[in-house]
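Worksheet for the structure shown next.
The values are calculated or read from the model by the stated rules, or taken from the named source; none is laboratory data. Note that this is a predicted model, so its numbers are computed, not measured. With ligands, DNA and RNA removed, areas are computed over all heavy atoms of the protein, side chains included. Shrake-Rupley method; radii C 1.70, N 1.55, O 1.52, S 1.80 Å.
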Amino acid sequence: MKIKTFGQAALGALLLSSSFAASAFEDGDWLIRFGGSNVDPKSNNGEIVDVGSDTSFTFTGSYMLTDAWSLELLAAWPFEHSIYLKDSGTKVGSTKHLPPTFSLNYHFFRNAVFRPYVGLGCYYTSFFDESTTGPLEGANLSLDDSWGWAGQIGVDWLLNERWFLNLNARYIDIETDASVNGDFLEKVEIDPVVWGANVGFRF
């Protein structure tokens with residue numbers, strides 16, 4: 001009886017595997033992922049100021065060049081980060097930013113339910129709506145836009161032919177020059193790790 005039950009389970013797993021194999025990502029597919037991401041800047045990202053973390057809505061669109069390679073664009077609702085004095089922890093300002101990121105990804109295990117991938121690309125970060133408070137209230141805070149490289153790892157979990165779940169982590173090499181009232185303050189190395197969780201759809 002146990003052998004029969006094991007055989008039925010194995011057959012079921014084989015049929016499930018076959019159904020997922022038939023629905024594996026193929027060249028020409030579009031993969032849309034939408035969910036949330038947390039931008040977590042590295043600690044000690046400046047000698048004078050520190051930049052806090054934030055979570056926001058994110059969206060990615062990927063185009064499968066083959067059944068393994070894809071091009072991906074990350075977009076997001078603006079992230080808003082608080083800025084603190086490093087020594088005292090006093091909040092002195094905030095800024096919003098958009099980090100559109102373009103990546104070339106490689107997806108492993110073509111016919112598997114779980115498809116891990118790695119990617120490398122570039123980003124452009126636009127800072128805007130800078131504001132000041134506390135000791136800097138009334139001052140003009142400015143953060144220069146930034147561009148550079150970004151890397152990521154992730155995994156897609158296929159639920160059926162169209163829908164899947166996604167987890168990913170990115171490292172983005174963000175640096176910006178901070179100025180107050182037109183005077184250079186310091187170079188801030190934000191260099192965040194971005195943690196993302198998404199629902200995906202293939203068409």
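A compact table of results
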| read-out | value |
| --- | --- |
| In the chain, lysine pairs closer than 27 Å at Cα, eight or more apart or cross-chain | 8 |
| Over the chain: helical MRE at 222 nm, DSSP H runs n ≥ 4 each giving -39500 (n - 2.57), nearest 500 | -3500 deg cm²/dmol |
| Kirkwood hydrodynamic radius of the chain, from inverse mean 1/r over distinct Cα pairs, in Å | 18.9 Å |
| Between 0 and 90°, nearest 10: helix 2-22 axis offset from the chain longest Cα axis | 60 degrees |
| Per residue solvent-accessible surface (Å²) - the chain, probe of 1.4 Å | 53 Å² |
| Carbon/sulfur fraction of accessible area - segment 68-151, other protein chains in place, 1.4 Å, % | 62 percent |
| Protein accessible area in segment 155-203, 1.4 Å probe - carbon and sulfur % | 62 percent |
| Relative contact order %, the chain, counting alpha carbon pairs below 8 Å whose residues are six or more apart | 21 percent |
